[in-house]
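Visitor: Dropping the structure in here first, questions after.
The values are calculated or read from the model by the stated rules, or taken from the named source; none is laboratory data. Computed from a predicted structure; not experimentally measured. Cβ: placed from backbone, ideal geometry, glycine included. Neighbour counts: every protein chain shown.
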Amino acid sequence: MFLLLSLCMCGLLLQGDAQDRAALWRGNDRSGRCQYTFTVPSPVEASCPQTGGPEMEGLKARLSLLEALVSRLTGGDTAGSQGAGAGARAQSGLQEALNRVTGERNLLQGEKERLEKELEGLQRRMEEMRRETERLRNRPCPPQTPVVPPSPPLQDSGLTRPAGGSNPMSHLMTRPNRQGDSSSLRDSAWQYGPPGFQELKAEVTEVPAPDGSEDNTGCGELVSVGEPVTHRKADNIAGKYGVWMQDPEAVSPYGPNMVWRIDTIGSDVRQLFGYDDMDQLAKGFPSKVLILPELVESTGATLYRGSLYYQRRRSRSIIRFDLASETTAARRDLPHAGFHGQYPYSWGGYTDIDLSVDEKGLWAVYSTSKVRGAIVISQLDPHSLEVKRSWETNIRKNSVANSFIICGKLYTVASYTAPDTIINYVYDTETSLGKSVFIPFKNKYRYNSMIDYNLAQRKLFAWDNFHMVSYDIRLGRQQAN
Ligand code: CA
């Protein structure tokens, strides 16, 4: 019994000794889980046959954990780079938006400068008119003379005055003398002074009504213009002004229904948008965008026989751009033509050269220093752009809002802002005669920057304050002036 007790005590003592030399290791395994290792020295072996042991295992486990962490971090880096990609995209989107806004700001800045110039011009003109009024007030009254019967219309070397009297202004302007008599006295100031321009803002004669035989297919004189029909509104500031058109003699690959458009605000105008038809224009889905080799100036472009004709920016050069080959087919200076704000229409906008097409071909409306701002009409060879023939009118170009040509007759519009204005003058290249007319015309959106005859649809096309509008027209029987 004593022996058994002694053995137990020894065992306990040995166990206690063993416990004193035992070691507990804790570490993560490869999968990252916590692992405990309990070791007790061997009573028989002084050393292990191989190196390693719990420390090594622990180190391995820790290394594995580190590897896992590094791997996770690397993955995180990948995700980070993906995040960075998204960030870069967002930044690029922001940059794009910034560029767009900056572009629009620049456009608005340019527009502001243009309007300021226009304002200056208007103020100058007002001052001139004030001085002229003052001068006329201070003049003695002209002696009264009998009314002179009208003489035959004058016609000389292209500079043709309107019919209706020996005085080129008499049918347009009568002004009261000091007694307030506004009877048709001859006005010496106008009679003996140099031939002046027609201001086209005074009395006008109503166009004779068609004699019951309207003719909507053949050529004739314009009788009336219908209400404006809106087809599309431009999406941004670049489209505040513009030109839209159709080719009356379309050439493959483009069909006759194709509608073309150029937004003309900005200093880098060179995009020509093509729409399959009016519906696609209305929906805003262009099927073609052509980049023009030379920058476009203003809203005077036109289309004819597969070519776009336009004025090259800051020059009097007319460019013929072939739509099919997308190359410049011809270019030529329009002799002596003013450009870049020299002789614009009253709204400005560098509308110095206005090209258009009618039944008789390709026309340019512009002015030169020789005629001091009067409208010159030239018929151009559509192939070579050479001037075939020119007419000099007495209409001051900057006194009218715009003009268009139908059947070889030039019509001028009085105002580009008045919602109810008139077509106030017609000049016939057939007879080289002009006369006043009174045909109501509506500027629905109060800022009409382009008006042209669209021969393809026999309508007027206009660009009124972001809006592409068209007007039905009625032509009367051909009438002698
Ligand atoms: Ca025009």
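Visitor: Among the numbered criteria (1) farther than 25 Å from G239 by Cβ; (2) in contact with an Asp or Glu (Cβ under 7 Å, 6 or more places away or on another chain); (3) buried (at least 20 other Cβ atoms within 10 Å of the Cβ), which single criterion is violated by R477?
Guide: In the conditions (1) farther than 25 Å from G239 by Cβ; (2) in contact with an Asp or Glu (Cβ under 7 Å, 6 or more places away or on another chain); (3) buried (at least 20 other Cβ atoms within 10 Å of the Cβ), R477 misses (3) alone.
Visitor: Specify which of the listed residues (A337, A324) is farther than 29 Å from K112 by Cα and either modelled with pLDDT under 95 or not β-branched (V, I, T) (or both).
Guide: Result: A324 is the single residue among A337, A324 that is farther than 29 Å from K112 by Cα and either modelled with pLDDT under 95 or not β-branched (V, I, T) (or both).
Visitor: Does the stretch 468-476 contain at least one residue that is assigned to a loop (DSSP other than H, G, I, E, B), over 19 Å from T299 (Cβ atoms), more than 15 Å from the ligand (Cβ to nearest atom) and at pLDDT below 95?
Guide: Going through the stretch 468-476, the residues assigned to a loop (DSSP other than H, G, I, E, B) turn out to be 476.
This time we only want the ones that are over 19 Å from T299 (Cβ atoms), so: 476.
Those still in the list that are more than 15 Å from the ligand (Cβ to nearest atom) too: 476.
Now restrict to residues that are at pLDDT below 95: 476.
Yes: one or more hits.
Visitor: Can you name every residue in the stretch 231-252 that is in a strand (DSSP E or B), surrounded by fewer than 21 Cβ atoms within 10 Å (Cβ to Cβ) and under 12 Å from the mean Cα position of the chain (by Cα)?
Guide: Correct list: K233 only.
Visitor: Give the number of residues within the stretch 345-356 that are away from the ligand (no atom under 11 Å from the Cβ) and not acidic (D, E). Even if it seems obvious, please write down each step before you answer.
Guide: Just the residues of the stretch 345-356 that are away from the ligand (no atom under 11 Å from the Cβ), to begin with: 346-350, 352.
Subset that is not acidic (D, E): 346-350.
Within the stretch 345-356, residues that are away from the ligand (no atom under 11 Å from the Cβ) and not acidic (D, E) number 5.
Visitor: OK, next. Looking only at the stretch 360-370, count every residue that is within 16 Å of the ligand (Cβ to nearest atom) and not in a strand (DSSP E or B) and tell me the total. Quick ask: steps written out before the conclusion?
Guide: Residues of the stretch 360-370 within 16 Å of the ligand (Cβ to nearest atom): 360-367.
Still in the running and not in a strand (DSSP E or B): 360, 367.
The total comes to 2.
Visitor: Of the residues that make up the stretch 426-434, is at least one buried (at least 21 other Cβ atoms within 10 Å of the Cβ), in a strand (DSSP E or B) and within 16 Å of the ligand (Cβ to nearest atom)?
Guide: yes
Visitor: Being farther than 16 Å from R261 by Cβ and either free of Cβ contacts under 8 Å to residues at least 60 places away in the same chain or not hydrophobic (A, V, I, L, M, F, W, C) (or both) is the filter here; which residues of the stretch 449-463 pass it?
Guide: Once the filter is applied, which keeps residues that are farther than 16 Å from R261 by Cβ and either free of Cβ contacts under 8 Å to residues at least 60 places away in the same chain or not hydrophobic (A, V, I, L, M, F, W, C) (or both), the stretch 449-463 yields Y453, R458.
Residue by residue, here is whether (1) over 24 Å from G338 (Cα atoms); (2) among the basic types (K, R); (3) away from the ligand (no atom under 16 Å from the Cβ); (4) in a strand (DSSP E or B) holds:
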site	(1), (2), (3), (4)
N398	no, no, no, no
L410	no, no, no, yes
Y416	no, no, no, no
K444	yes, yes, yes, no
A462	no, no, no, yes
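Visitor: Hey, another quick one. With the structure loaded, tell me whether G373 is more than 16 Å from the ligand (Cβ to nearest atom), under 23 Å from Y241 (Cβ atoms) and touching a helix residue (DSSP H, G or I) at 6+ places or on another chain (Cβ under 6 Å) or whether it fails that test. So that I can check it myself, show each step before the final result.
Guide: Details: more than 16 Å from the ligand (Cβ to nearest atom): yes; under 23 Å from Y241 (Cβ atoms): yes; touching a helix residue (DSSP H, G or I) at 6+ places or on another chain (Cβ under 6 Å): yes.
The answer is yes for G373.
Visitor: So which of A401, A374, A418, A414 is hydrophobic (A, V, I, L, M, F, W, C), in contact with a Ser or Thr (Cβ under 7 Å, 6 or more places away or on another chain) and free of Cβ contacts under 8 Å to residues at least 60 places away in the same chain? Lay out the reasoning, then the answer.
Guide: Numbers: A374 fails: free of Cβ contacts under 8 Å to residues at least 60 places away in the same chain; A418 fails: in contact with a Ser or Thr (Cβ under 7 Å, 6 or more places away or on another chain); A414 fails: free of Cβ contacts under 8 Å to residues at least 60 places away in the same chain.
Result of the check over A401, A374, A418, A414: A401.
Visitor: If you don't mind, another one. For the stretch 253-344, list the strands (runs of 3 or more DSSP E) that sit wholly inside it and hold at least 3 residues that are within 16 Å of the ligand (Cβ to nearest atom); which are they?
Guide: Working: elements: 259-263, 271-275, 288-291, 302-304, 307-311, 317-322, 327-333.
Passing ranges, in order: 259-263, 302-304, 307-311.
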